[in-house]
Amino acid sequence: MLNVTWERAEALSLTLWWNMKRTIKNEAGKAVDLVTDTDGSQRIVQTQSFDPLIKLNKHMADDWQKGQMMGTQKHMAHVAEIPNIIYNELLNKFGRPAENPKAWKQWLNDSENRAFRTGGGIV
């Protein structure tokens, strides 16, 4: 049997209240939550499921063939699909891809980010 005094019960309920997570938005594998920490501070936490995008990228990378654009009028190639959450973080870090292509290429060519590339080789 659990014996809890009123003061302890009140402290427990305050702790539970302060460790709150309230979902603001939840759609299509993306969630935005408002989290209230034990010190009373609040933060917004965004989560996104990358599994469908990683599958798509793998499929596109498997279909890619070297030289497939030779002899065509296509002057641009699809090189990556990056989840919105990561893309926005990279925008804050590097700026727009057209403004800082060297940093974006370096990030895409990093082996840890291979899952976001849609073609073979390096960018």
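Computed from the coordinates by the stated procedures, all read-outs in this text should not be read as laboratory data. Since the structure is predicted, the reported quantities are computational estimates derived from the model, not experimental observations.
The table below gives the values:
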item	result
Region 81-123: C-alpha gyration tensor shape, a/c 1.5 cut-off, then a/b vs b/c	oblate
Segment I85-D51, length gained on full extension (0.36 nm per residue, minus Cα span)	10.9 nm
Karplus 3J(HN,Hα) series, Hz, for region 86-94 with 6.51 cos²θ - 1.76 cosθ + 1.60 (x for Gly, Pro)	5, 4, 5, 5, 5, 4, 5, 7, 9
